[in-house]
Amino acid sequence: MTGEKNQEQNKRTEELEQELSKLKLELENARFQEEQEREKRLFYQLIAEFAFAWELWFDPNGSIKYCSPSCSDLTGYTANQIITSPGIAALLVYDADKEKYSNFLTGALNQTMVNQTLEFRVLTRTKQLRWFMMNVRGVYDKNGKYLGIRASVLDITRVKQAMGHISEMERTKEFDSRNKQRLQTELEMKDRELVSFLLQLSQKNELLNKAVHLLQSEGATKPKAAVLMVQQLKELLEANAVQPVDWSMVENQVDKIHPGFLERLQKRHPVVSVNDKKLCSYIRLGLSSKEIAGLLNITSKSVEISRVRLRKKLGINAKNRLANYLEQL
C-alpha cells in the first residue's frame, strides 16, 4: 500500500511540475508580449508627441482622447487645456470659420466626408490669426470596430502668405501688361495721327504748288487783264502755299512714339545734320519720297538724291534698305 501511495504522489508531483512549467512558460510569453506592446505604445507615443504636426484623436462622440504636445507650439495652449476645453471650435477657431469647422468635424466623425482636408483660421492664445490645415482619417481596431478619427493639423500661414504674395505679383504683372498694352495702343494712335497730319500737310503743299505752276502756264496765254489777275492770284498762293512743318513738334512726337531714336541716331552717326534728322524721322514714320517732298517743299527726285547721300553718310551698303536700318536703330 505504501508503495502505491508513493507512486501516486510521485505521479501527482510530476503532473504539478509539468503544469507549473507550462504556467511559467505562459507567464514568460505574456510578459514578453506585454513588453512588446509597451515598447510599441512607447514608440508610437514618441512619434506622436515629437511630431511637428499637431496630432489629435477624437472618439466617435467628438471628445478628444489624445492631443499631442506640439499643439502648444502652434496654439499656445497645452494638450491638457485643449482636452479639458469645451472643444477646439470654442477655444481656437476664428468666428468666421467656426461653422465650416463644425460641419467638417461632424462629417468626419460620421464617416460621410468626401474631401477629408479642411483649411481654417484660428486665434492663438496670444490672439494671432493663423491658417491651419486639418487632415482626418478613420480609426479602427483589429476587429474593425470604429474608434473615431485621427486628425493631423499643420500651420500653413506662411504658405498662405506666400500664395497671397504670388497672387499679388500676378495681379501686378497683369496690371503692368495691361498698362503696357494701353501705352502701346496710345503710341500707335499718336503714330497714326502724326503720319495722317503730315500726309495731309504734304498733299496740301503739293496741291498748292501745282496750282501755282498751272497759273504760271495759263498767264502766258491770256490777255493783259487776265494776266494781271492771274499774277495777283499767283502771288497770293505763293505767299500762303507752302505751310512749313513745325520740326520741334515732329521731333517731340517722334521721341514719344520711338523713344531715343533721334538720340541713338546722333550718337551712332555724329555727322548727321538737322536736315538728315528730318529725313530719317519721316522715313522712320513710313512716309514715301513723294510725301516727304511735299513736307520739305522739294521734288521727289531731290528726296531720292538726299536718301542716296544719307545712305553714304550712314555707311549703309546696297544690300540693306534704309528704312530697315532705321527701324532697327
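The values are calculated or read from the model by the stated rules, or taken from the named source; none is laboratory data. It should be emphasised that the depicted structure is a prediction, and the values quoted were computed from it without experimental measurement. Virtual Cβ from ideal backbone geometry, glycine too; neighbours counted across all protein chains shown. The area values use the complete protein model at the heavy-atom level, side chains included, leaving out ligands, DNA and RNA. Shrake-Rupley method; radii C 1.70, N 1.55, O 1.52, S 1.80 Å.
In the context of the full set of protein chains, residues of segment 55-172 present 60 Å² of accessible surface per residue (probe radius 1.4 Å, heavy atoms only). Taking all protein chains into account, the per residue accessible area for segment 275-329 stands at 56 Å² (1.4 Å probe). Converting phi to 3J(HN,Hα) with the Karplus coefficients 6.51, -1.76 and 1.60 and the offset θ = phi - 60°, segment 28-35 yields 5, 5, 5, 5, 5, 5, 5, 5 Hz in sequence order, with x at every glycine or proline.
Using the Kirkwood radius over C-alpha pairs as Rh, can you work out the diffusion coefficient of segment 244-293 via Stokes-Einstein at 10 °C, viscosity 1.306 mPa s, in µm² per second? Roughly 141 µm²/s, to the nearest whole number. Rounded to the nearest whole Hz, the Karplus-based 3J(HN,Hα) values (6.51 cos²θ - 1.76 cosθ + 1.60, θ = phi - 60°) of segment 313-329 follow the sequence 5, 8, x, 9, 6, 5, 6, 9, 7, 4, 5, 5, 4, 6, 5, 8, 6, with x at glycine and proline. The string of couplings for segment 139-152 from the Karplus curve (6.51, -1.76, 1.60, θ = phi - 60°) is 10, 9, 7, 5, 8, x, 6, 6, 10, x, 10, 9, 10, 10 Hz, one whole number per residue in order, with x for Gly and Pro. Can you check what the net charge comes to around residue 149, using other residues whose Cβ is under 12 Å from the Cβ of residue 149 (Lys, Arg +1; Asp, Glu -1)? Neighbour charge sum, excluding residue 149 itself: +1.
Legend: Rg and Dmax of segment 254-329, from Cα coordinates, 11.7, 31 Å. If you sort 94, 101, 325 by accessible surface, 1.4 Å probe, largest first, the order is 94, 325, 101.
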